[in-house]
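Sharing a structure, written as structure tokens. Questions coming.
Read-outs throughout are calculated quantities, based only on the coordinates presented, and are distinct from any laboratory measurement. Nothing here was measured: the structure is a model prediction, and the numbers come from that model. Here the Cβ is made from the backbone with ideal geometry for all residues, glycine too, and neighbour counts use every protein chain on show.
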Amino acid sequence: VQLQASGGGLVQARGSLRLSCTASGRTFSSWIMAWFRRAAGAEREFVAAINRNGGTTYYADSVKGRFTISRDNAQNTVYLQMNGLKPEDTAAYYCAASSWMTLRADSGSYQYWGPGTLVTVSS
């Protein structure tokens, strides 16, 4: 499966952005989808994951209550709505796909990755 993320940009603190990730290839609904991010000089970290039918989600504590992950299987797209952005959310954001049966936060569980989209939050 090929993944392509979009929607990054420059936003002021407390602003909002919505990231999109469109998949091609194998049936999109067969994959657990997730977002990860990597800030400059930092390790890649888990942000959010969503199960195959969109009914279950899982968030990192740092974004819980501010970010919302969703998916549209008819459009082969997963979204990340980011509200209340903070400067510490500045990072390259990556979407990923996993064939595991449960939602997971470890990057090693994800088989496919898209190129990142950069989010910059100014103070």
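Could you calculate the contour length gain from GLU88 to SER16, that is, 0.36 nm times the residue separation minus the distance between their Cα atoms, to one decimal place in nm?
Once the chain is fully extended between GLU88 and SER16, it gains 24.5 nm.
If R0 is 25 Å, what FRET efficiency do you get for ALA74 and ALA105 from their C-beta distance, rounded to 0.05? Walk me through the numbers before you get to the answer.
On the way: r = 27 Å, r/R0 = 1.08.
My answer for the efficiency is 0.40.
Let me know the charge dipole size of segment 61-112 about its Cα centre in debye, to the nearest 20, where only the beta-carbon of Lys, Arg (+1) and Asp, Glu (-1) is charged.
Values: 5 positive and 5 negative charges, 19 e Å.
Using only the charged Cβ atoms, the result is roughly 100 debye.
If we count every other residue with Cβ under 15 angstrom of SER109's Cβ, Lys/Arg +1 and Asp/Glu -1, where does the sum land?
Here the charged neighbours net out to +1.
Note down the Stokes-Einstein diffusion coefficient of the chain in µm²/s, whole number, using a Kirkwood radius over alpha carbon pairs, 10 °C, and 1.306 mPa s.
So the translational diffusion coefficient is about 113 µm²/s.
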